[in-house]
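Here's the structure, in structure tokens; my notes come after.
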Amino acid sequence: LAVAADVFIYLREIGPVLREAARVLVPGGLFALTVQAHPGERGAVLGADGRYAHGVASLREDAGAAGLAVALLEPAEIRRQNGVGVPGWLAVLAR
């Protein structure tokens, strides 16, 4: 199991990290992660807060390209900022 919670807000491109996770996970291994969401389906958007938000379709595509299957993908409040929940995605990817 590998976990990356509230980390990908600092990366525009998450594909390389997903490929590396797939490389080090044993068959059946899991990678649990969160990403901040934006309203669009694709790409990454740098917000006024200096954090990247990722489109859910891009997350699915990057996972598939890395050889990881989506075991769980659901909307989540990934953290609270200034008393307000930040929308995102909780993903569990399987090798």
Of the listed residues (Leu59, Leu72), the one being more than 14 Å from Glu13 (Cα to Cα) and modelled with pLDDT of 95 or more is Leu72
From Val35, Val24, residue being under 30 Å from Asn82 (Cβ atoms), of a type in the set (Val, Ile, Thr) and free of Cβ contacts under 8 Å to residues at least 60 places away in the same chain: Val35
Can you pull out the strands (runs of 3 or more DSSP E) entirely within the chain that have at least 3 residues that are loosely packed, with under 15 Cβ neighbours inside 10 Å? 69-81, 84-94
Go through segment 60-90 and count every residue that is in contact with an Asp or Glu (Cβ under 9 Å, 6 or more places away or on another chain) and farther than 11 Å from Ala37 by Cβ. 6
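The values are calculated or read from the model by the stated rules, or taken from the named source; none is laboratory data. Remember, predicted model here, so these are calculated numbers, not experimental data. Here Cβ is always computed from backbone atoms with ideal geometry, including for glycine, and neighbour counts include all displayed protein chains.
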